[in-house]
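Trainee: Got a structure for you, written out below as structure tokens; questions coming shortly.
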Amino acid sequence: MSQLEFHKVERHFPVKRGLLDTLAGRPGISLHAVRGVDLGVRPGEILGIVGESGCGKSTLARIGVGLQPADGGAVIFDGQPLDGPDPAGRLQMVFQDPYSSLNPRMTIGAQLEEVVARYQPRLSRAERRTRVQGILAEVSLVPETALKFPHALSGGQRQRVSIARALCPGPEILIADEPVSALDASVQAQIINLLKRLNRDKGLTIIFISHDMNVVRYLCDRVAVMYLGEIVELQESADLFAAPAHPYTRALIAAVPDVRRRQALAEPIAGEIPDPFAVLTGCRFATRCPLVEAACHSPQSMRPTSPTGLVRCWKAPATA
Amino acid sequence: MSLLSIRNLQTEFQSPSGIARAVDGVSFDVEPGEIFGIVGESGCGKSATCRSILRLFGGAPARVAGGQVLLQGVGDLAAMPERELAQVRGRDVAFIFQDPLTALNPTMRIGKQIAEVILRHRKVGRAEAWAAALQLLRDVHVTSPERRLDAYPHELSGGLRQRVVIAMALALRPQLIIADEPTTALDVTVQDQILRLLRERRDSLGTSIILVTHDLGVVSQICDRMAVMYAGRLVETGRVRDVLDAPSHPYTKALLAALPGQISRDRELTPIEGAPPSLISPPPGCRFAPRCAFAQARCIDGGPPPLLPRAGLAPGHLDACVLNEVTHVAA
Amino acid sequence: MTVLKNLLRSPAGALGLLMLALTAAATALTPLLSPHDPFALDFANAMQSPSALHWFGTDNFGRDVFTRVMAGAVYDLRLALICVFGPMAIGVLIGLAAGYFGGRVDAALMRLTDVVWAFPFYVLVLAIVGVLGPSETNLYIAFFIVNWIGYARIVRGETLLIARMEFIEATRVLRYGKPRVMLRHILPNAITPALVYSMSDVVLTVQAVAAMSFFGLGVQPPAPEWGLLIVESIDFMREAPWMTIFPGLAIIWIGIAFSLLGEGLSTALKPKG
């Protein structure tokens, strides 16, 4: 089982400058989508990455699978720096939108057989078909699905096909970018169960990107919370939800509506995600944090907060 | 006397494969000053229902095919000619759409858009309308409101845009606001703020709100009463705490059971197998029967199961499951 | 295929196909239906009005108009199809490359497109044929140089949209080769508007070819190309209007057939959902 690690990964998107900016001599600005992320993925775990818009989780996912390069730092996979998607197909991805993640003009069977042909070229046509049938069964789809086009399938079925496609090369790590966000709650449960089963029965490591705290709490073993490009907290799932250490994590959890009760009385955090172009030293949550002090404006680093947890806040409870 | 009474509403959509009855005999009341939630999954007809109230179909081939939409002090909106209904929109009933980016005119400044709503319905001068717009932005807690009046929609964040949309909805002090998935496109922390804002505005102004959503948590957060919708029909209605804490229709129960929020990590989630039925040729009797764990023969005999008070339920809590014993209440 | 089925299901597509089928049948059966040779001169029977012997009458050389119009069908259709689908192939590949590779490749190809686009269509075609000399082959050359631009633009636009879709991202994770992605995944999805456009292009090209004949720069006599038939009939319009009417009707007929087919294709090719 290969290790996947993020070492101080950075990603900037330079913003194209207009002619006036160039003439006025204004310096180029970049969007720092990911800043200094250190993260080690444990083999066989389901690691959740949560955050709201602009936190960089989707970008981080694409860097992790090799679709985008790291501008700073590196992703180490199987001891080597990652330079594009893994040729052996051990790192795979499942996407968010069931409606654009499959080729509308190819049958399911054709799309899956294409993957098998690419990664197991020695198989005969019949053996390929058999393997595709086997993978369809693994994601609980009937064999006839192979003959259908994507438009004949429901959103939930399409996501299963996406997962099947990712399973064809026989991956070790699956990065799932909001795989259930576009599905109804009753269908989400099917896909979540499937992912859990794949993790448990095949030892598939899963990195699960989501904005939905309820799903993450249920599915993930560990959770990393991201805010404006940084990881602000990394803990075992149970610990994170029982005792969130970072003020942003606390606010995030408090904001999630609970079916069992009416709204909590605690005041929500004020304001919104600030301008991602703003150059801030120190804690990027400081502009909205109820506990902010002068010391918060110096650069913050991750500190241990529980036997296995880390938090990027000097005020959080620390372990010895 | 209810503020809004919907009686046996039916709405049809034209599609290449036939006519879809998106709303098939829906009846419910909304009281003055209450927040009423309509919840259901995609395709259940909740959006079609609330659009039918104002006949706002956005050019889609849809029409209200039957039923009444009785608004207190105004009349039956379903039967009203378009010209009269146009006056009702904005003045008596306002609508908040899901995507604030497309609900606002991208080429017009915010202040002008809000002022325009006021100027169109009330005989006031421009200065007065502008001052009213400023006050409305303050009411929805927009920071630096004077500056925002001059801003264009794309310069604002999603949450701010939704606040502006709410301000516009409140501009004429309508009796009723219909909000169709107003927070679905927003981050959860911003959603929390917007939902609180809606509740606060209701508390100050006494405006009723119909809140359409797929998220049971949102309903739990701010709604007073709610209705659960499936395949064009209501299957359960009642006070929010009654329905969510003691659900009585199998669909509501299944929906709650599928949520990961409360399940322990070592148990599997229980999805609802199958898919919602076609609205062009729906199954007879109860439409949830094909997917229901408790279905029996009498579930598919006969016509649409009516919403009735059932034994053991709190007052005002109704469901449409024929297997539940009816409480004999004096009509 | 499902496309054919869908095509037949739409009234426009079905009618268009029917009209084309009738044309093809009539053309194929002409030797049986009419014993006349389209090129045989017969001055004795010149300028005869339509009759049982000569369904469309005869022209000033005594040639049977019906046979010539039918023979012209083969001519005009061959011309139109080569002048449309040849440039279409070129334009589609250019558009795919521009949209997929982006950057300098896109910039270079689009500048090339702009240069060709800058010249009015007819001016350029006339100039090329004028320089090379009027003949069928040179007509093809002119159209191949000029007619690919619309397809390049259309397909480039579609490619830009499709390249952003998640199933294309998936091909990158799976490390599919670029040719495979472009031809197997992007092309089938990008080509629909180009196909629909090609139908109206056929109509326009038939008319353009006929117009070329007006300038004497197209097909040369005695070829029975419809435009040429009309040109040759102008002097005799008063005495023998049938010489003009029937080729004209033929052009209209083909135009309607392909327009309907295009409309039907547009509906049939939509991937539902």
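Here, each number is a calculation from the coordinates, and none is a lab measurement. In this text the structure is predicted, and so the values were computed from the model without any measurement. Cβ sites come from the backbone with ideal geometry, for glycine too, and all protein chains shown count toward neighbours.
Trainee: Taking the alpha-carbon centroid of each part, what is the distance from segment C:36-80 to segment B:98-158 in angstrom?
Mentor: 73
Trainee: Order of A:71-80, A:188-197 by packing, highest average Cβ count within 10 Å first?
Mentor: A:188-197, A:71-80
Trainee: Taking only the alpha-carbon atoms of chain C, what semi-axes of the equivalent ellipsoid follow from 5 times the gyration tensor eigenvalues under a square root, in whole Å, largest first?
Mentor: Rounded to whole Å, the semi-axes are 42, 23, 12.
Trainee: If you don't mind, another one. For every helix of n ≥ 4 consecutive DSSP H residues, a contribution of -39,500 (n - 2.57) applies; sum these over chain C, divide by its total residues, and give [θ] at 222 nm rounded to the nearest 500 deg cm²/dmol.
Mentor: The per-residue figure over chain C is -23500 deg cm²/dmol.
Trainee: Another one. Using the reciprocal of the averaged 1/r over all distinct C-alpha pairs, how large is the Kirkwood radius of segment B:1-57 in Å?
Mentor: It works out to 12.4 Å.
Trainee: If each residue's Cβ is checked for other Cβ atoms within 10 Å, how do A:119, B:230 rank with the fewest at the top?
Mentor: A:119, B:230
Trainee: Mind giving me the nanometre distance, one decimal, between the label points for residue B:301 and residue C:215, set 7 Å out from Cα along Cα→Cβ?
Mentor: Label-label distance for residue B:301 and residue C:215, simple model: 8.2 nm.
Trainee: Which distance in Å, rounded to a whole number, links the C-alpha centroids of segment C:124-183 and segment A:151-194?
Mentor: Using only Cα atoms, the two centres lie 36 Å from each other.
Trainee: Separate question: Multiply the residue gap between residue B:112 and residue B:7 by 0.36 nm, knock off their C-alpha separation, and tell me the result in nm, one decimal place.
Mentor: Gain on stretching residue B:112 to residue B:7: 34.0 nm.
Trainee: Separate question: Roughly what % of DSSP beta bridges within the protein assembly as shown run antiparallel, to the nearest 5?
Mentor: 60
Trainee: What distance in nm lies between label points placed 7 Å from Cα along the C-beta direction at residue C:60 and residue C:180?
Mentor: Going from the residue C:60 label point to the residue C:180 one covers 6.4 nm.
Trainee: Taking H placed 1.01 Å from N in the peptide plane, check which residues at least 5 places from residue B:238 or on another chain put their amide H under 5 Å from its amide H.
Mentor: Amide H neighbours of residue B:238: B:226, B:318.
Trainee: Counting partner chain Cβ atoms within 10 Å of every residue's Cβ in A:93-104, what's the average?
Mentor: 5
Trainee: Given a Förster radius of 60 Å and the C-beta distance between residue A:3 and residue C:111 as r, what FRET efficiency does 1/(1 + (r/R0)^6) yield to the nearest 0.05?
Mentor: FRET efficiency, residue A:3 to residue C:111: 0.80.
Trainee: Related question: Using a Förster distance of 56 angstrom, determine the FRET efficiency expected from the C-beta separation of residue A:292 and residue B:308, and round it to 0.05.
Mentor: 0.50
Trainee: Could you list B:50, B:44 in order of exposure, starting from the residue whose Cβ has the fewest other Cβ atoms within 10 Å?
Mentor: Fewest to most other Cβ atoms nearby, the residues stand as B:50, B:44.
Trainee: With a Förster radius of 45 Å, plug the Cβ-Cβ distance of residue B:63 and residue A:303 into 1/(1 + (r/R0)^6) and report the FRET value to the nearest 0.05.
Mentor: 0.10
Trainee: Could you tell me what percent of the DSSP beta bridges with both partners in chain B are antiparallel, to the nearest 5?
Mentor: 60
Trainee: Cα-based Rg (one decimal) and Dmax (whole number) for segment C:52-196, in Å?
Mentor: Computed over the Cα atoms of segment C:52-196, radius of gyration and Dmax are 20.7, 70 Å.
Trainee: Return C:261, B:176 ranked ascending by Cβ neighbour count within 10 Å, so the fewest neighbours appear first.
Mentor: Final ranking by Cβ density, sparse to dense: B:176, C:261.
Trainee: Next up: How well do other chains shield peptide B:183-190, expressed as the mean number of their Cβ atoms within 10 Å of each residue Cβ?
Mentor: 6
Trainee: Could you name the aspartates and glutamates whose alpha carbon sits less than 12 Å from that of residue B:46, not counting residues in the same chain fewer than 8 places away?
Mentor: Partners within reach: B:24, B:180, B:181.
Trainee: Let me ask another. Calculate for chain B the 222 nm mean residue ellipticity that helices alone would give, adding -39,500 (n - 2.57) per DSSP H run of length 4 or more and normalising by residue count, nearest 500 deg cm²/dmol.
Mentor: -9500 deg cm²/dmol
Trainee: While we're on this one: Taking each residue in B:271-278, count the Cβ atoms of any other chain within 10 Å of its Cβ, then average. What number comes out?
Mentor: 4
Trainee: Please report the spacing between the Cα centers of segment A:16-87 and segment C:206-273 in Å, no decimals.
Mentor: 59
Trainee: Label points 7 Å out from Cα along the Cβ direction at residue A:53 and residue A:278: separation in nm?
Mentor: 1.7
Trainee: With only Lys, Arg, Asp and Glu charged, each at its Cβ (+1 for the first two, -1 for the last two), find how big the charge dipole of segment C:186-273 is about the Cα centre; round to the nearest 20 debye.
Mentor: The calculation lands at about 420 debye.
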